[in-house]
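Notes to accompany the following structure.
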Amino acid sequence: MPDLTGKKVAIIATDYFEEAELIDPRDALVEAGAEVTIWSKGSDPIQAVEGDTEPTQKVDVDGTFADLDVSSIDALVVPGGTINADHIRVEEEAQAIAREVAEAGKPLAVICHGPWLLVSAGLVEGRRLTSYPSLADDVRNAGGTWVDEEVVVDGNLITSRNPDDLPAFIGALENALAS
């Protein structure tokens with residue numbers, strides 16, 4: 001495990017995010033020494049789900065999308081969960097955050113249905129990525145190359161398909177932060 005002391009990672013999500021896709025990266029990054037913050041539309045705790053339908057825990061947030069200063073972070077994580085991903089993709093501030101991270105060349109780690117945000121933010125064209133399989137057409141229609149692999153690293157963009165891919169997803173993000 002790389003030493004990520006001093007690294008700052010932001011996670012952006014809304015209600016009904018897939019629990020493991022936020023909690024597992026957060027906990028692994030914190031264990032490696034990174035400071036991890038969570039940002040959402042509002043300041044209330046956000047609802048996690050398992051398998052898109054089973055509500056689990058609520059997670060506190062550190063601030064709103066409008067409060068997130070991209071220059072102060074080293075990487076961005078976008079978890080999936082169909083409802084979370086569908087809601088966050090239309091949030092102008094979330095799109096702006098993703099674009100700013102991409103333009104700065106910082107690691108942008110997106111899993112499961114999260115790539116819908118990349119599509120809506122105009123960040124897919126010419127990129128190679130993966131996602132939950134039902135997003136393959138969205139990725140292709142946005143000009144990206146969709147592949148069925150557990151983790152795909154294309155420059156600063158790190159993508160994975162689902163919670164089963166979390167070990168590879170987290171490993172790729174840790175490696176990107178450590179380099």
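The values are calculated or read from the model by the stated rules, or taken from the named source; none is laboratory data. Since this is a predicted model, take the numbers as computed values, not measurements. A quick note on method: Cβ atoms are made from the backbone with ideal geometry, for glycine too, and the neighbour counts reach across all protein chains shown. Heads up: the accessible areas ignore ligands, DNA and RNA and are worked out on the full protein's heavy atoms, side chains in. Shrake-Rupley method; radii C 1.70, N 1.55, O 1.52, S 1.80 Å.
Quick rundown of the values:
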| read-out | value |
| --- | --- |
| Residues that are out of contact with any helix residue (DSSP H, G or I) (no Cβ under 8 Å at 6 or more places or on another chain) and of a type in the set (A, V, I, L, M, F, W, C), drawn from the stretch 97-127 | ALA102 |
| Residues satisfying the stated conditions in the stretch 43-71, i.e. farther than 17 Å from ALA10 by Cβ and of a type in the set (Gly, Ala, Ser) | ALA48, GLY51 |
| Which numbered condition GLU91 fails, given (1) without any contact (Cβ under 8 Å) to a residue 24 or more places away in the chain; (2) buried (at least 17 other Cβ atoms within 10 Å of the Cβ) | (1) |
| Search result, residues across the stretch 94-125 that are surrounded by fewer than 24 Cβ atoms within 10 Å (Cβ to Cβ) and more than 23 Å from ASN175 (Cβ to Cβ) | GLN95, ALA96, ARG99, VAL119, SER120, ALA121, GLY122, GLU125 |
| Identity of the residue in the stretch 1-19, of a type in the set (Gly, Ala, Ser) and open to solvent by less than 30 Å² (accessible area, probe 1.4 Å), that ends up nearest to ASP69 (Cα to Cα) | ALA10 |
| Single condition THR56 does not satisfy, out of (1) within 21 Å of ASP24 (Cα to Cα); (2) within 16 Å of the chain's Cα centre (by Cα) | (2) |
| Residue within the stretch 149-161 that is part of a helix (DSSP H, G or I) and over 18 Å from ASP86 (Cα atoms) present | no |
